[in-house]
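Comments concern the structure below.
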Amino acid sequence: MQEVRRSLPIFPYREDLLAAIHEHQILVIEGETGSGKTTQIPQYLLEDVTRNSCMKIGCTQPRRVAAMSVAARVAEEMSVKLGNEVGYSIRFEDCTSERTVLKYMTDGMLLREFLTEPDLASYSVIIIDEAHERTLHTDILFGLIKDIARFRPDLKVLVASATLDTERFSCFFDDAPVFRIPGRRFPVDIFYTKAPEADYLEACVVSVLQIHVTQSPGDILVFLTGQEEIEACCELLQERCRRLGSKIAELLVLPIYANLPSDMQAKIFNPTPPGARKVVVATNIAETSLTIDGIIYVIDPGFCKQKSYNARTGMESLIVTPCSRASANQRAGRAGRVAAGKCFRLYTAWAFKHEMEETTVPEIQRTNLGNVVLLLKSLGINDLIHFDFMDPPPHETLVLALEQLYALGALNHLGELTKLGRRMAELPVDPMLSKMILASEQYKCSEEVLTIAAMLSVNNSIFYRPKDKVVHADNARMNFVVPGGDHLVLLNVYTQSGHSTQWCYENFIQFRSMRRARDVRDQLEGLMDRIEVEVVSSQEDSVPIRKVTGYFYHTARLSKGGYKTVKHQQTVYVHPNSSLFEEQPRWLIYHELVFTTKEFMRQVIEIESSWLLEVAPHYYKSKELEDSSSKKMPRKQGKTKEELG
Ligand code: ADP
Ligand code: MG
């Protein structure tokens, strides 16, 4: 392993790099994916005898999977137990101890550390890694860290990035020098399709098999957009390989995506046995965050799943869109790390030139900012318009976030943080969930609300619906339906489960999600003391629960052909998976609004309009809540195939 360390492209630059870090407070480090930035730089710093050993090195990662996996790798390289000297911290999971000197963490976790330690006093070095990903949290960290670096001259800041955008980072950090690690790149031949592919999933499967049968040894990396696609692709590949039997060499099919259990994730790093070939089917996590050795062939359908946000209506959507040319080039680069490689782009050269954007729009410009605004306000940053953003968010997005926080009572009419807002910021969940937890105190149902909040945080992965057992799965799900809505169904599932694997299996409930929900719940319960909320049960009365699960910001009323949101008059629909899909009650609260084939409300609960005046008199006027119709609208349609898809 020490030999592997010495063979990495970064190794010859070890001394120069350490010297540059000594000389400059802020350094931008640019290097190809796989050159050793994430795993080696922190170790070089630890090995440096002049370092102050009482202080920590922090290294941020945009993705949970990457934080866990690199921490495990580095602990192994240093022959220490993960969680001791080297640890990681991701939301709801802290694998560090008093002894931890090197801490990998998600960018969101470091952001939260500002709440308890505004000058990051326990750190001597902060590495903002994968800076080119430009996630919302990384962008906010840029502004905060630039600020504290001014009054903490002893703090070293390293901004590490793949070979993208480094000039901009340097410029933002007052012309910090850029340290370039020359890549060792082999040429990659790029092939395009002659015509667009109608079904890129099928095209991926065919391409993998073609490479496997016709091309010389070397592993394959396929980029898809998410868990479902990846699972479907892996199934298809396995099935076709089974059919071909011993006519072809062994093909190991390995998925990797954020929700994959970590023991399965670790498998992608195992060396391929001689005679066999490995195909890794990945989300864009394998674009730059994880490096898999031995890849010679890359298959790139040219898509990614991207979040976008409508600041007028507050609707988020997660849509499969063409990736940027910068992404496509990173993907291709994965094929040339160990030898000359090939990249098969499943789109035309014309599409590459004309249909793809140059770079990806930073997340801060296409997401809800409620959470981040609450955090910044808690840090005493009141003037958000003049915050040092590398790229500022759209004005309307900021305004909507402020409006949302005002509605929840976290800000007063002057936009200042309230006492409630301060307590809300203590909880590592979205403002609406933290509001709900705090409100549960008054309504004496915190026991139930904690469970609901935990179940909502593991979002949409509770019910298992395998393709070959759809009817059984749907029947099992029906058994959990209770009057009132989806939040109460989730509560019911949690209460009944008893955390038994057998029970989950029999009831088509995903055990892993339940286990995670329990962990989240335990953590939230642990925080109740700090925010001074007593944990009490409502004793089977659903009214108080429905009053607070409302958090009363996302309200919709039944209207012709669907629902209309109360504040924005937007037409929306109950998601077909909801327990209230058939019933269509007159007033609803929804947990989230997502666009898939239509504007769907996901996780809805039935309320009475009069409650809105009771719990949010500052936000609703009785005129808005008058019932226009005197009786329930008739149900209009059954589920269409499209809606179920
Ligand atoms: P960079 O951050 O520059 O992209 P890394 O430090 O992540 O590079 O990776 C350097 C090398 O460390 C990789 O080429 C790979 O050989 C090895 N490596 C990184 N993570 C793992 C892991 N989880 N398991 C096995 N090897 C790994
Ligand atoms: Mg890295």
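All of the numbers you see were taken from the coordinates with simple rules; none came from a lab. All figures in this text were calculated on a predicted structure; none of them were measured in a lab. With ideal geometry, Cβ positions are generated from the backbone for all residues, glycine too; neighbour counts draw on all protein chains shown.
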Between SER622 and GLU23, the two model label points (7 Å from Cα along the beta-carbon direction) sit apart by a distance in nm of 7.4 nm
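Test of understanding: ordering THR597, THR451, THR138 by Cβ neighbours within 10 Å, fewest first, what list do you get? Please list the in-between numbers first.
Values: THR597 12, THR451 24, THR138 27.
So the ranking, lowest neighbour count to highest, is THR597, THR451, THR138.
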Nearest-0.05 FRET efficiency for GLU583 and ASP529 at R0 = 51 Å, using Cβ-Cβ distance, is 0.85
Listed by chain and number, the lysines with an alpha carbon less than 22 angstrom from that of LYS623, same-chain partners under 8 positions apart left out, are LYS547, LYS560, LYS564, LYS567, LYS631, LYS632
With R₀ set to 22 angstrom, the calculated FRET efficiency between the beta-carbons of ARG6 and ALA266, to the nearest 0.05, is 0.40
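Nearest 5 is fine: what % of DSSP beta bridges in region 516-629 come out antiparallel, could you say? Don't skip to the end; give the middle numbers.
On the way: 16 of 18 bridges.
Antiparallel bridges make up about 90 percent of those DSSP assigns within region 516-629.
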For PHE179, the residues 5 or more places away or on another chain with a placed amide H closer than 5 Å to its own amide H are VAL28, ILE29, GLU30
When the charge dipole of the chain is computed with +1 at the Cβ of Lys and Arg and -1 at the Cβ of Asp and Glu, the Cα pointing farthest to the positive end, of TYR620, ALA349, GLN265, is that of ALA349
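How charged is the neighbourhood of LYS567? Take every other residue with its Cβ under 14 Å from the Cβ of LYS567, and add Lys/Arg as +1 and Asp/Glu as -1. Working shown, then result.
Working: positive: ARG312, ARG557, LYS564, LYS621, LYS623; negative: GLU403, GLU624.
Counting the neighbours of LYS567, the net charge comes to +3.
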Measuring from the longest principal axis of the C-alpha atoms of the chain, the long axis of helix 395-407 (C-alpha) lies at a number of degrees, nearest 10, equal to 50 degrees
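Placing unit charges on C-beta atoms (Lys and Arg positive, Asp and Glu negative, everything else neutral), compute the dipole magnitude of region 552-624 about its Cα centre in debye, rounded to 20.
Details: 9 positive and 8 negative charges, 70 e Å.
My answer is approximately 340 debye.
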With the dipole of region 1-181 defined by +1 on each Lys or Arg Cβ and -1 on each Asp or Glu Cβ, the option from MET105, GLY34, VAL80 whose Cα lies farthest towards the positive pole is VAL80
Sorting LEU236, GLY143, LEU580 by the position of each Cα along the dipole of the chain (Lys, Arg +1; Asp, Glu -1; all at Cβ), the one nearest the positive end of that ordering is LEU236
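For SER53 and SER461, what does the FRET efficiency come to when R0 = 56 Å and r is the distance between their Cβ atoms, rounded to the nearest 0.05?
Working: r = 42 Å, r/R0 = 0.75.
Approximately 0.85, to the nearest 0.05.
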Spelling it out for GLY341: with amide H atoms placed in the peptide plane at 1.01 Å from N, the residues 5 or more places away or on another chain with amide H under 5 Å from its amide H are VAL188, ASP189
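Do the alpha carbons of any pairs in LYS419/LYS444; LYS194/LYS353; LYS419/LYS621 sit beyond 18 Å of each other, and which pairs?
Details: LYS419/LYS444 20 Å; LYS194/LYS353 14 Å; LYS419/LYS621 24 Å.
Checking Cα-Cα distances, LYS419/LYS444; LYS419/LYS621 exceed 18 Å.
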Computed about the Cα centre, the charge dipole of the chain from +1 Lys/Arg and -1 Asp/Glu charges at the Cβ has a magnitude in debye, to the nearest 20, of 1440 debye
Correct semi-axes for the chain, from √(5λ) of the alpha-carbon gyration tensor and rounded to whole Å with the largest first, are 41, 32, 23
Relative contact order in percent for region 237-395 (Cα pairs under 8 Å, 6+ apart) equals 18 percent
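Placing unit charges on C-beta atoms (Lys and Arg positive, Asp and Glu negative, everything else neutral), compute the dipole magnitude of region 1-181 about its Cα centre in debye, rounded to 20. Don't jump to the answer; show the numbers that get you there.
Values: 21 positive and 28 negative charges, 66 e Å.
In total the dipole reaches around 320 debye.
Around VAL338, with a cut-off of 10 angstrom between Cβ atoms, what is the net charge of the other residues, counting Lys and Arg +1 and Asp and Glu -1?
Numbers: positive: ARG184, ARG337; negative: ASP219, ASP293.
Surrounding charge for VAL338 is 0.
Quick check on the exposure proxy: order CYS204, CYS504 from fewest to most C-beta atoms within 10 angstrom.
Working: CYS204 27, CYS504 21.
Result, fewest neighbours first: CYS504, CYS204.
Starting from the Cα-Cα distance between GLU608 and TYR505, subtract it from 0.36 nm times their residue separation and give me the gain in nm to one decimal. Can you show the working numbers first?
Values: separation 103, 0.36 × 103 = 37.08 nm, distance 3.63 nm.
Contour length minus Cα-Cα distance gives 33.5 nm.
In percent, how large is the relative contact order of the chain, given Cα pairs closer than 8 Å and 6 or more residues apart? Present the calculation step by step, with values, prior to reporting the outcome.
Values: 1118 pairs, mean separation 66.7, N = 645.
Answer for the chain is 10 percent.
Looking at region 38-113, which GluC sites (Glu not before Pro) are in a loop (DSSP not H, G, I, E or B) and have at most 11 other Cβ atoms within 10 Å? Mind showing how you got there, number by number?
Numbers: sites: GLU47, GLU76, GLU77, GLU85, GLU93, GLU98, GLU113; in loops: GLU85, GLU98.
Those satisfying the criteria are GLU98.
Looking at the chain only, what percent of DSSP beta bridges run antiparallel? Nearest 5 please.
If we restrict to bridges inside the chain, about 35 percent are antiparallel.
Within region 198-307, list the GluC sites (Glu not before Pro) lying in a DSSP loop whose Cβ has at most 16 other Cβ atoms in a 10 Å radius.
Working: sites: GLU202, GLU228, GLU229, GLU231, GLU235, GLU239, GLU250, GLU287; in loops: GLU250.
Taking region 198-307 and a limit of 16 other Cβ atoms within 10 Å, the loop GluC sites (Glu not before Pro) found are GLU250.
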Whole-Hz Karplus couplings 3J(HN,Hα) for region 175-185, θ = phi - 60° and coefficients 6.51, -1.76, 1.60, Gly and Pro as x, run 6, 4, x, 9, 9, 9, 9, x, x, 10, 10
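Which loop-located trypsin sites (Lys or Arg not before Pro) does region 276-367 contain, where loop means any DSSP state but H, G, I, E or B and the Cβ has at most 14 other Cβ atoms within 10 Å? Mind dumping the intermediate values first?
Working: sites: ARG277, LYS278, LYS305, LYS307, ARG312, ARG325, ARG331, ARG334, ARG337, LYS342, ARG345, LYS353, ARG366; in loops: ARG312, ARG337, ARG366.
When the trypsin sites (Lys or Arg not before Pro) of region 276-367 are filtered for loop state and at most 14 Cβ neighbours within 10 Å, ARG312 remain.
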In cubic angstrom per residue, the convex hull of region 216-270 built on its Cα atoms measures 96 Å³
Zone reached by a paramagnetic label modelled 7 Å from SER537 Cα along Cα→Cβ, restricted to region 464-507 with backbone N below 12 Å, covers 495-496
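How do the peptides 558-569, 58-69 rank, highest first, by the average count of neighbouring beta carbon atoms within 10 Å per residue?
Values: 558-569: 17.0, 58-69: 24.3.
Ranked from most to least packed, the peptides come out as 58-69, 558-569.
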Label model pair TRP350, SER216: point-to-point distance (7 angstrom along the Cα→beta-carbon line) in nm is 3.5 nm
Relative to the chain, whose Cα atoms define the longest principal axis, helix 486-497 and its Cα axis are tilted in degrees, nearest 10, by 70 degrees
